[in-house]
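Okay, so here's the structure we're looking at.
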Amino acid sequence: MNVASSINSERKKSCINCGAELTYEPGTDLITCDYCGHKEVIEQSDQPFQELELNKYMEQMGAQSHSMEITMLHCDNCGANQHVEESYKSLHCVYCTMPLIIEEAYKDDWILPGAVVPFDFKSDKAHQIFKKWVSGLWWAPNNLQKASLSPENTKGLYVPYWTFDAELDAQYEGERGEYYYVTVTRGSGKNKRTTQERRTRWYDASGEISGFVDDTLVKASQQKGGQIPSQIASWNLDHLKTFDTRFLAGYVTEKYTIPLKDGHLDAKEKAKEIAANWARRDIGGDTQRIHRLEMQLSDQTFKHILLPVYISSYKFNGKRYNFYVNGQTGVIHGTRPYSFWKIFLAILAALIVIGGIVYFINTQQ
Ligand SMILES: [Zn+2]
Ligand SMILES: [Zn+2]
């Protein structure tokens with residue numbers, strides 16, 4: 001199946017009524033016209049996502065099968081490659097806010113995404129989440145709430161990931177540990193004490209395990225500047241939709257900077273951890289040792305997928321702080337200022353309490 005070669009991601013997404021630009025409506029299967037309200041449905045096919053055969057693909061890398069051409073803008077400052085699916089309004093790097101130059105846009109190939117988790121809510125909800133987050137921060141300066149409530153440069157960004165599926169088989173040799181307890185007597189005379197101590201008895205164990213490893217998620221981008229914090233980097237992949245460039249309309253999309261080959265090495269490491277866990281479960285007992293683990297992966301497939309994140313920043317006392325909101329789950333993480341005086345006074349109060357206790361104890365003796 002070669003669906004990709006004919007797809008042009010920059011197919012014009014304009015309104016049939018008024019010609020204005022259509023943008024994806026978060027939480028729906030629609031692209032809508034902000035100007036006249038016209039809506040179009042993004043039809044989803046009933047077909048399962050197209051998983052690409054890994055080995056075949058790696059061998060034919062040069063052929064760029066399932067690739068398509070998109071217009072990219074490169075950020076010289078942080079190295080991010082971004083594609084803006086809208087007529088260019090403000091052109092700033094989504095990570096580091098450095099201005100990007102339209103004249104330097106270039107055509108680039110990328111492996112066609114197989115699936116996308118579309119944005120579930122609009123940027124104004126991301127701002128509400130942000131406000132709630134700010135008001136719940138401990139040790140924050142008093143005027144932070146007033147000062148920080150107009151976030152700047154909010155961008156919806158589709159972040160690239162690789163996912164891998166594989167059939168895993170492994171042979172292991174190790175030991176099963178079973179706990180038992182002994183009574184130990186230490187000291188003598190008045191200081192004689194008996195305690196229960198745990199010991200482990202080891203038995204040889206070996207065997208074979210197998211199973212299907214589904215949707216191992218590996219990040220596909222890495223910048224010098226902003227990274228998507230791991231605290232928000234968790235999505236429900238049950239909500240993946242078949243890729244359609246219309247889901248990108250109105251958003252920024254980042255191209256992977258970690259090649260498939262390197263992503264696959266990460267996935268293999270994760271598969272090894274899974275195999276070790278399966279082996280431990282297979283060995284059983286109270287504790288386990290693994291001396292040898294040989295893993296084979298077969299029927300390996302992969303997908304390039306896009307996942308939604310809002311990136312934004314706010315200013316406080318002349319300094320810029322970034323925050324990130326998961327565009328599906330609403331989980332937020334960001335950098336923030338601390339109030340020196342609040343922390344100072346809290347420590348002082350704690351010291352006074354401790355001092356009081358020490359004084360009290362001393363006067364009792
Ligand atoms: Zn319209
Ligand atoms: Zn940048």
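The values are calculated or read from the model by the stated rules, or taken from the named source; none is laboratory data. Keep in mind that what you see is a predicted model, and the values were worked out from it rather than measured. All Cβ positions, even for glycine, are placed from backbone atoms using ideal geometry, and neighbour counts span all protein chains on display. Protein only, heavy atoms only, side chains kept; ligands, DNA and RNA dropped before computing areas. Shrake-Rupley method; radii C 1.70, N 1.55, O 1.52, S 1.80 Å.
Students sometimes get this wrong: rank ASP215, ASP165 by accessible area, probe 1.4 Å, all chains present, largest first.
Final ranking, largest accessible area leading: ASP215, ASP165.
If you stretched the chain out fully between VAL358 and ASP299, how much longer would it get, using 0.36 nm times the residue separation minus the C-alpha to C-alpha distance?
14.4 nm
What FRET efficiency comes out for GLN171 versus GLN231 if R0 is 45 angstrom and r is the Cβ-Cβ distance? Round to the nearest 0.05.
E(calc), rounded to 0.05, equals 0.75.
What do you get for the angle between helix 260-283 and the principal long axis of the chain? Use alpha-carbon atoms, 0 to 90 degrees, nearest ten.
The angle comes out at about 40 degrees.
222 nm [θ] for the chain, helices only, -39500 (n - 2.57) per DSSP H run of 4+, per residue, to 500?
-6500 deg cm²/dmol
Go ahead and set up a Gaussian network model of the chain, Cα springs under 10 Å, then flag whichever of LYS56, LYS107, LYS319 fluctuates most.
Ranking LYS56, LYS107, LYS319 by mean-square fluctuation puts LYS319 first.
Can you give the angle from 0 to 90° between the axis of helix 340-364 and the longest principal axis of the chain, with both taken from C-alpha atoms, to the nearest 10?
Helix 340-364 sits roughly 10 degrees off the main axis of the chain.
How far, in nm, would the chain grow between TYR321 and ASP262 when pulled straight, counting 0.36 nm per residue and subtracting the alpha carbon separation?
Taking 0.36 nm per residue and subtracting the Cα distance, the gain is 18.1 nm.
Apply the Karplus parameterisation 6.51 cos²θ - 1.76 cosθ + 1.60, with θ equal to phi minus 60°, to every residue of segment 96-103 and state each ³J(HN,Hα) to the nearest whole Hz, in sequence, with x for glycine and proline.
My calculation for segment 96-103 gives 10, 6, 5, x, 10, 10, 4, 4 Hz in order.
Please work out the Cα center distance from segment 197-268 to segment 309-365, rounded to the nearest Å.
A separation of 32 Å, based on Cα centres.
Using 5 Å bins from zero, what percent of all Cα-Cα pairs in segment 164-268 falls into each bin?
Calculated P(r), rounded to whole percents: 2, 7, 9, 12, 12, 9, 7, 8, 7, 7, 6, 6, 4, 2, 1, 1, 0.
With springs only between Cα atoms under 10 Å, which of ALA275, ALA170, ALA350 fluctuates most in a Gaussian network model of the chain?
Residue with maximal mean-square fluctuation among ALA275, ALA170, ALA350: ALA350.
Give me the lysines in straight-line cross-link reach of LYS261: C-alpha distance below 28 Å, same-chain residues under 8 apart excluded.
LYS56, LYS107, LYS219, LYS224, LYS241, LYS270, LYS272, LYS303
As an exercise, identify the trypsin sites (Lys or Arg not before Pro) in segment 216-279 lying in DSSP coil whose Cβ has no more than 14 other Cβ atoms within 10 Å.
Answer by residue number: LYS224.
Find the relative contact order for the chain and round it to a whole percent, using C-alpha pairs within less than 8 Å whose residues are 6+ positions apart.
Contact order relative to length: 25 percent.
Quick one: dipole size for the chain, taken about the Cα centre, charges +1 on Lys/Arg Cβ and -1 on Asp/Glu Cβ, in debye to the nearest 20.
2620
How about LYS146: which lysines have a C-alpha closer than 20 Å to its C-alpha, ignoring those fewer than 8 places off in the same chain?
The qualifying lysines are LYS125, LYS131, LYS132, LYS315, LYS319, LYS342.
Computed on alpha carbon atoms, what radius of gyration and Dmax characterise segment 251-342, expressed in Å?
21.3, 60
Report, to the nearest 10°, how far helix 123-135 tilts away from the longest principal axis of the Cα atoms in the chain, using its own Cα long axis and a range of 0 to 90°.
Long axis of 123-135 versus the principal axis of the chain: about 30 degrees.
At a Förster distance of 22 Å, what's the computed FRET efficiency of GLU269 paired with CYS96, Cβ-Cβ distance as r, to 0.05?
Between GLU269 and CYS96 the formula returns 0.15.
Rg and Dmax of segment 297-365 over Cα atoms: what are they, in angstrom?
For segment 297-365, the Cα radius of gyration and maximum Cα-Cα distance read 24.7, 76 Å.
Largest first and in whole Å, give the semi-axes of segment 124-167's equivalent ellipsoid, each being the square root of 5 times a Cα gyration tensor eigenvalue.
34, 14, 8
What FRET efficiency would be calculated for the residue pair ASN77, THR200, taking the C-beta separation as r and a Förster radius of 45 Å, to the nearest 0.05?
0.25
Give the whole-number value, in cubic angstrom per residue, of the convex hull volume spanned by the C-alpha atoms of the chain.
That works out to 215 Å³ per residue.
Out of GLN171, GLN47, GLN128, any idea which swings most in a Gaussian network model of the chain, alpha carbons joined below 10 Å?
GLN47
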